[in-house]
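Below is one structure, written out as structure tokens; the observations come after it.
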Amino acid sequence: MQITKHKIVTIDYTLSNGQGAVLNSSIGNEPFTFIHGIGSIIPGLETALEGKSSGDELKVRITPEEGYGPRNDSLMEVVSKDLFEDVGELKVGMQFEAKTETGKQLLTITRIEGNDVTVDGNHPLAGETLHFDVKIRDVRDATSEELSHGHAHGPDSDH
Ligand code: ZN
């Protein structure tokens, strides 16, 4: 079966950055399952998978524009360490979810200097060229329930 809009697609993938370092992989974990064609994965990967079939293997290079977007320096902010007094010891690389007017935003601490803490609201992969190694394991039709929920249901789903 070919991948088209509203198919449920299951893939194995390994994601590397432009320097060849592996960032994330489903190998050794559960394969990744999603509804195709509704923007639940990054645009570049969705485009590359369109029309492919179960068993296909592909290597995909995705620019930041087709991935997690370019970096935006205005999403970096220096705040007071006092804001984190409940957290305990702060470290560079710690991530927090902040509520903003537009919804939830993931913030990463990128610098700590005295009382000044720099937080970065860019996606950790913003600005990165991404390299995906993908093997398509399964393609099937979505049920109407899955489409109304906006996500795939596994064999253990109870809703
Ligand atoms: Zn559901």
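Every number in this text was worked out from the coordinates using simple rules, so none of it is lab data. Quantities reported herein were computed from a predicted structural model and do not represent experimental measurements. Neighbour counts run over all protein chains shown; Cβ positions are idealised from the backbone, glycine included.
Taking the Cα centre of the range 73-120 as origin, work out the dipole magnitude from +1 charges on Lys and Arg Cβ and -1 charges on Asp and Glu Cβ, in debye rounded to 20.
Working: 5 positive and 11 negative charges, 31 e Å.
So the magnitude is around 140 debye.
So, counting K/R as plus one and D/E as minus one, what does the shell of residues with Cβ under 14 Å around Lys7 add up to?
Summing Lys and Arg as +1 and Asp and Glu as -1 gives -2.
Spin-label point model (7 Å from Cα, Cβ direction): what's the His149 to Val22 distance in nm?
Distance between the two pseudo-spin positions: 3.0 nm.
For the chain, with only Lys/Arg (+1) and Asp/Glu (-1) charged at the beta-carbon, what is the dipole magnitude about the Cα centre, in debye rounded to 20?
Using only the charged Cβ atoms, the result is roughly 500 debye.
Dipole of the chain (Lys/Arg Cβ +1, Asp/Glu Cβ -1, origin at the Cα centre): which of Thr4, Met76, Val92 lies farthest to the positive side?
My answer, from the dipole projection, is Thr4.
Using a 7 Å offset from Cα along Cα-Cβ at Val78, what residues in the range 114-142 end up with backbone N under 13 Å from the label point?
114-119
With labels modelled as points extended 7 Å from the Cα through the Cβ direction, what inter-label distance (nm, one decimal) is found for Thr118 paired with Ser40?
Spacing of the two 7 Å Cα→Cβ label points: 3.7 nm.
Over the chain, what is the relative contact order in whole percent, taking alpha-carbon pairs under 8 Å and six or more residues apart?
Relative contact order comes out at 34 percent.
Lys pairs in the chain, Cα-Cα under 22 Å, at least 8 apart or on separate chains: how many?
13
Which ordering of Glu101, Glu113, Glu46 is given by a fewest-first count of other beta-carbon atoms within 10 Å? All intermediate terms of the calculation are to be shown ahead of the outcome.
Numbers: Glu101 5, Glu113 9, Glu46 19.
The order, fewest Cβ neighbours first, is Glu101, Glu113, Glu46.
Taking one equal scatterer on every alpha-carbon of the chain, how large is log10 of I(q)/I(0) by Debye at q = 0.13, 0.16 1/Å?
Those come out to -0.77, -1.01, one per q.
Per DSSP H run of at least 4 residues, take -39500 (n - 2.57); add these up for the chain, divide by its residues and hand me the 222 nm value, nearest 500 deg cm²/dmol.
On the way: 2 runs with 13 residues, N = 159.
Calculated at 222 nm, the ellipticity per residue is -2000 deg cm²/dmol.
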